[in-house]
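Here's the structure, in structure tokens; my notes come after.
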Amino acid sequence: MKNKRLAILMRARMASPTHPVHRQQLLRPDRPPLPPQVGATCSGDADDDGISTGARRVSLNDVKELMRASFSNPTDKTEPMDANLEEFSQAYLGLSQEGRRELLLGLARDCDVNRARVCELMRQYLTVELPHSVGANAADVNQENRVLEDGGILAVFYRMERNLRDALKPMYAGFFERLNAHPGGLKLLTVLRADLLSLLAKENVPSLRALETYLKEKLITWLSPASLELHQITWDDSASLLEKIVAYEAVHPIRNLLDLKRRLSEGRRCFGYLHPAIPGEPLIFIEVALLKDVATSIQEVLWDSPPTPEFEATCALLYSISATQPGLSGINLGKFLIKRVIHLLRRDMPHISIFATLSPIPGYMHWLLPKLASQIKLSKSETEDMKHFSEKGSGSNFIEDLLLPEEKEMILSGYLKWLQSGTASEIEFDKSECMDTREHDSGKDVMEIMYKLLISREWNKSDILSEALKPPLLRLCARFVDKVNI
């Protein structure tokens with residue numbers, strides 16, 4: 001145990017978790033650290049032809065030759081294929097940013113679909129005539145196939161359709177398949193896609209986009225939930241695995257060994273998806289806190305000491321989920337991981353009945369703030385010309401009172417207490433607006449208070465304001481999730 005703590009501590013001191021070299025995992029554990037990926041600062045200088053002058057020099061032309069040699073199976077049935085893939089993997093990781101860019105552009109453009117071949121096969125396919133007994137809109141497919149098979153034409157169609165399917169595959173399809181089957185190849189494919197995403201952020205080339213899309217589809221297939229192992233990460237795991245948890249925790253950074261041990265001990269769970277082709281490295285992991293009730297802030301979770309006894313817990317709070325591979329962005333492993341974790345917790349801890357998260361509700365504030373602003377504007381218009389709206393009978397059709405009477409009282413009371421506390425200055429309102437606390441029947445003044453507090457972020461700093469705004473924010477959030485965000 002002492003040796004493990006020392007190993008984690010020494011590694012944490014030697015490399016910062018945010019450093020690109022520290023975050024990039026080795027293709028194989030017995031090799032030296034890899035150079036930074038595209039988008040990271042290279043440790044060595046690179047010249048114009050893509051040669052990296054770091055630990056070893058890598059020629060772009062040599063890497064291209066290794067890639068071409070890996071495209072087709074060797075004729076002598078010995079080991080050159082594996083040797084070429086191995087050399088390509090190491091050589092690619094030694095390329096500079098510009099070298100990787102040129103290689104990927106060449107791969108996307110020169111190894112795309114052979115469209116001349118596709119057009120020729122389509123022309124041949126269209127020249128084959130169907131027997132007169134088979135109509136263009138034949139309802140009975142089985143009968144149609146029997147007619148074609150009796151005439152020997154069905155075999156011709158099958159052969160042509162197979163050739164068309166093969167021709168519609170890009171030439172780099174086989175290369176990706178071989179690389180995936182090679183030891184360490186899946187890891188390299190994630191690096192390739194991370195580089196593609198970095199390039200596409202700067203230059204949206206159609207051939208690059210097609211290459212990235214194809215690789216993403218293949219990774220989704222190769223990383224299906226059936227091929228992934230759900231592993232519960234504990235303090236007894238290897239120091240190298242725990243080091244990766246510390247390095248990759250992106251939501252709530254782990255400060256020290258005590259913090260790490262707290263997150264893996266009593267009342268806590270940590271689960272990760274592992275793949276046999278990338279041993280010892282979680283592709284994504286999630287942290288869970290077992291509580292008596294849903295926590296209102298992350299501080300309650302991170303610094304809950306002592307933790308809730310597990311037999312008393314009724315709530316599983318999934319408070320942090322972190323992906324470790326930039327090249328797997330957009331591949332929804334998180335959804336499958338959450339479902340698996342909830343299923344496992346329900347099976348092992350039937351007394352857990354609540355599953356929650358502290359994650360933000362996407363789009364909620366983008367919906368709420370304009371909604372409040374529009375209602376404030378309509379309320380002001382009604383006040384300025386009450387008689388006009390009264391005669392037309394149309395003003396009230398658009399005005400909606402978003403706040404309940406008791407919520408208005410709580411917000412107004414909390415706002416006044418906050419002002420009187422001496423720790424805040426009054427939020428600016430329109431000079432024409434009279435903040436008469438005795439007249440707020442329409443709710444327009446209170447809605448404006450709420451709006452100003454939300455856009456100023458002042459309420460986050462005050463327990464008084466947070467308590468006053470909590471009921472309406474929760475109620476309106478439930479409305480947003482149920483009625484709007486569907």
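Rule-based calculations on the coordinates, nothing more; no lab input. If you're wondering where the values come from, they're calculated on a predicted model, not measured in any experiment. Here Cβ is always computed from backbone atoms with ideal geometry, including for glycine, and neighbour counts include all displayed protein chains.
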Separation between the Lys483 and Arg68 pseudo-spin-labels, each 7 Å from Cα along Cα→Cβ, expressed in nm?
6.5
Provide the packing ranking of 283-294, 107-118, i.e. peptides ordered by the mean count of other C-beta atoms within 10 Å per residue, highest first.
283-294, 107-118
Using a Förster distance of 25 Å, how high is the FRET efficiency between Glu203 and Glu177, based on the Cβ-Cβ distance and rounded to 0.05?
0.35
Counting other beta carbons within 10 Å of each Cβ, put Thr357, Thr324 in order, fewest first.
Thr357, Thr324
Anything over 26 Å Cα to Cα? Flag those among Lys371/Lys408; Lys216/Lys261; Lys64/Lys187; Lys292/Lys483; Lys64/Lys216, in the order listed.
Lys216/Lys261; Lys292/Lys483
Just round it to a whole percent: the fraction of Cα-Cα distances in the stretch 227-357 exceeding 18 Å.
51
Counted neighbours (other Cβ, 10 Å), sorted fewest up, put Tyr364, Tyr248, Tyr158, Tyr415 in the order Tyr158, Tyr364, Tyr248, Tyr415
Three-way shape call for the stretch 168-241 based on the alpha-carbon gyration tensor, with the a/c threshold at 1.5
prolate
